[in-house]
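Read through the structure below, which is laid out as structure tokens, and then see the notes.
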Amino acid sequence: MPSHLLDDLRSFLDRDQIAASDAILDQHARGESFDQAVRPEVVAFPKSTEEVAEILRYASQHGVPVTPVAVNSSLEGHTVPLHGGISLDLARMDRILAFSPEDLLVVVQPGVTYPQVNMHTRRSGLFFPVDPGAHASIGGMIATNASGTAAVRYGVTADYVLALEVVTPSGEVIRTGSQARKSSSGYNLSRLMCGSEGTLGVITEATLRLSGLPEAAAAARVPFVTIEAATHFATAIIQAGVPVARCELVDAASIAAINTHQDTEYPVEPTIFLEFHGNGPGVEADVAVAADLAETMGATAFEASHDEASRERLWEARHNLFYALVAANPGARNITTDVAVPISKLPYAVDRALICCEREGLRAYALGHVGDGNFHLCIFYRDGPEAEAVERVSHAMVMHALESGGTATGEHGVGIRKLKYMAAEHGPALPVMQSLKRVLDPAGIMNPGKKLPD
């Protein structure tokens with residue numbers, strides 16, 4: 001690092017935009033579920049695209065690593081500044097710049113969270129439907145191509161990105177895409193930035209496509225005796241063509257943690273949570289089909305609700321599940337990891353992962369967006385032999401997903417933990433990706449040590 005790093009940054013940032021106190025550095029040293037902390041040398045808080053460009057020009061010239069961060073809710077270590085340098089905190093770039101209801105789009109800065117977008121647009125009958133659970137920032141969601149509970153119907157973040165403003169590692173400001181709904185012009189650089197995990201540039205503005213709020217909605221809670229039966233039901237409802245908006249698996253141990261944390265009284269059984277969107281008669285018909293299928297497949301109950309407050313309570317419990325699990329395992333370390341497989345392979349993949357945890361004596365919870373074949377394991381453990389067991393379970397889970405035609409990560413991203421699987425998953429395509437990284441970031445300053453192995 002340049003010995004005069006802080007003084008150099010003060011030449012183009014205000015004093016309150018630079019922090020190097022122990023407390024601030026510690027806050028930026030780790031992610032939500034990755035506790036191998038590495039401190040940056042300094043945290044910078046830009047307020048404009050021009051300031052981001054100045055920082056990156058300086059960093060590129062002096063070889064200073066830059067790690068973008070905002071809400072810091074990532075789970076695979078994306079925001080850990082492995083090589084120190086500058087933690088680039090974009091949380092102060094939090095303005096909604098434009099809203100065009102007639103074009104069904106909104107323009108935001110990267111620090112805006114998706115609930116803030118929806119609060120701003122809902123009076124116009126529009127919403128941004130990607131819902132990863134945590135109050136994630138739009139910039140972070142684009143950088144990881146986040147999906148979440150509604151992906152089975154609405155897709156992932158990249159499906160809603162029309163245009164981006166990006167500062168390249170050399171400090172050049174470029175714009176990708178347009179406000180048009182489709183284009184055949186040039187290479188699709190917007191898609192390239194989606195899921196790049198801060199390794200190709202810094203997103204400073206995003207133009208997002210919006211969807212219409214559904215006329216009617218209903219939620220259902222469908223418990224089963226075994227987790228295998230629950231996952232078979234989730235697979236069957238998708239294969240039957242029922243247009244569910246959400247299809248979530250929560251295992252019995254997670255239900256128990258939710259009940260304690262949220263003061264609810266759900267039966268402690270593996271449960272599928274469903275939500276349906278559409279017009280009134282259509283939603284009623286979808287609920288009826290799902291209820292018939294649940295009965296046929298051995299559900300112990302099928303409780304549906306059209307009441308908005310009841311639906312919000314149900315999804316609040318799901319969104320707070322990680323914090324409920326942490327509260328249920330005080331003092332333990334945790335890893336929350338995900339894979340995705342073809343939906344026909346889902347029941348076996350979930351069952352196999354849990355059996356691996358049981359054999360290793362690990363306390364694990366299975367959950368996930370099973371409507372699109374994506375599931376998660378949240379494992380709590382202590383240092384020593386349990387940590388080694390976690391590594392074995394995680395490895396077996398990923399390798400089985402790849403052998404099944406799936407992927408090492410469906411939505412959490414590669415970050416640090418999944419680097420070692422990139423060659424196995426992508427084969428000869430990996431050097432092509434590495435070539436793109438070298439062209440766009442020749443100095444290697446952008447979030448080094450993430451996304452792709454060196």
Worksheet item: Out of 157, 149, which single residue is out of contact with any strand residue (DSSP E or B) (no Cβ under 8 Å at 6 or more places or on another chain) and over 18 Å from residue 441 (Cα atoms)?
Response: 157
Practice prompt. Please specify each residue of the stretch 297-327 satisfying the condition of being open to solvent by less than 50 Å² (accessible area, probe 1.4 Å) and farther than 28 Å from residue 239 by Cα.
Written response: 309, 320, 322, 324, 325
Worksheet item: Just checking, how many residues over the stretch 82-94 are under 18 Å from residue 203 (Cβ atoms) and of a type outside the set (S, T, N, Q)?
Response: 8
Worksheet item: Do you know which of the residues in the stretch 238-264 that are in contact with an Asp or Glu (Cβ under 7 Å, 6 or more places away or on another chain) and in a loop (DSSP other than H, G, I, E, B) is least open to solvent (accessible area, probe 1.4 Å)?
Response: 242
Worksheet item: Out of the stretch 342-374, which residues are more than 20 Å from residue 393 (Cβ to Cβ) and touching a helix residue (DSSP H, G or I) at 6+ places or on another chain (Cβ under 9 Å)?
Response: 343, 344, 369, 371, 372
Worksheet item: Which of the residues belonging to the stretch 160-174 are hydroxyl-bearing (Ser, Thr, Tyr) and farther than 28 Å from residue 443 by Cβ?
Response: 160
Worksheet item: Residue check: is residue 350 under 23 Å from residue 220 (Cα atoms), crowded, with 23+ Cβ neighbours inside 10 Å, touching a Cys at 6+ places or on another chain (Cβ under 8 Å) and β-branched (Val, Ile, Thr)?
Response: no
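For every residue, the table says whether it meets (1) within 21 Å of residue 364 (Cα to Cα); (2) under 23 Å from the mean Cα position of the chain (by Cα); (3) aliphatic (A, V, I, L, M).
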{"position": "243", "(1), (2), (3)": "no, yes, no"}
{"position": "256", "(1), (2), (3)": "yes, no, yes"}
{"position": "269", "(1), (2), (3)": "yes, no, no"}
{"position": "302", "(1), (2), (3)": "no, no, no"}
Discussion item. Given the condition at pLDDT 95 or above, within 30 Å of residue 168 (Cβ to Cβ) and in a strand (DSSP E or B), answer yes or no: does some residue in the stretch 208-228 qualify?
Written reply: yes
Practice prompt. Pick out the one residue from 449, 427, 444, 405 that is among the small types (Gly, Ala, Ser) and either within 30 Å of residue 254 (Cα to Cα) or open to solvent by 50 Å² or more (accessible area, probe 1.4 Å) (or both).
Written response: 405
Item to complete: Could you list all residues from the stretch 143-159 that are at negative phi and open to solvent by 30 Å² or more (accessible area, probe 1.4 Å)?
Response: 144, 152, 153, 154, 156, 159
Response to the item:
Taking first residues from the stretch 1-18 that are over 13 Å from residue 86 (Cα atoms) and second residues anywhere that are aromatic (Phe, Trp, Tyr) and surrounded by fewer than 15 Cβ atoms within 10 Å (Cβ to Cβ), the pairs with Cβ under 9 Å that are 6 or more apart or on different chains are none
Worksheet item: part of a loop (DSSP other than H, G, I, E, B) and either out of contact with any strand residue (DSSP E or B) (no Cβ under 9 Å at 6 or more places or on another chain) or under 24 Å from residue 321 (Cα atoms) (or both), is that true of residue 54?
Response: no
Worksheet item: Is there a residue being at pLDDT below 95, closer than 30 Å to residue 279 by Cα and assigned to a loop (DSSP other than H, G, I, E, B) anywhere in the stretch 181-193?
Response: yes
Discussion item. Being within 22 Å of the chain's Cα centre (by Cα) and at pLDDT below 95 narrows it down to one residue among 275, 248; which is it?
Written reply: 248
Item to complete: Might you let me know whether the stretch 134-142 holds any residue that is buried (at least 24 other Cβ atoms within 10 Å of the Cβ) and free of Cβ contacts under 8 Å to residues at least 40 places away in the same chain?
Response: yes
Worksheet entry | Subset of the stretch 211-224 that is among the aliphatic types (A, V, I, L, M) and out of contact with any helix residue (DSSP H, G or I) (no Cβ under 6 Å at 6 or more places or on another chain) - its residue that is most open to solvent (accessible area, probe 1.4 Å) | 213
Response to the item:
Expected output for the stretch 370-398 (first residue on the phi > 0 side of the Ramachandran plot, partner in a helix (DSSP H, G or I) and open to solvent by 20 Å² or more (accessible area, probe 1.4 Å), Cβ below 7 Å, 6+ apart or cross-chain) is 373/343
Fill in: Condition broken by residue 339, with the remaining ones in (1) in contact with a Gly (Cβ under 9 Å, 6 or more places away or on another chain); (2) more than 23 Å from residue 398 (Cβ to Cβ); (3) not basic (Lys, Arg) satisfied
(2)
Item to complete: Give the number of residues within the stretch 192-209 that are under 13 Å from residue 163 (Cα atoms) and either among the β-branched types (Val, Ile, Thr) or over 16 Å from the mean Cα position of the chain (by Cα) (or both).
Response: 8
Practice prompt. Mind checking which strands (runs of 3 or more DSSP E) fall wholly inside the stretch 265-367 and carry at least 3 residues that are in contact (Cβ under 8 Å) with a residue 12 or more places away in the chain and within 24 Å of residue 415 (Cβ to Cβ)?
Written response: 333-340
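The values are calculated or read from the model by the stated rules, or taken from the named source; none is laboratory data. Keep in mind that this is a model prediction, so the values were computed, not measured. Don't worry about glycine lacking a Cβ; one is built from the backbone with ideal geometry, like all the others, and counts go over all protein chains shown. Areas reflect the complete protein model, heavy atoms only, side chains present, ligands, DNA and RNA absent. Shrake-Rupley method; radii C 1.70, N 1.55, O 1.52, S 1.80 Å.
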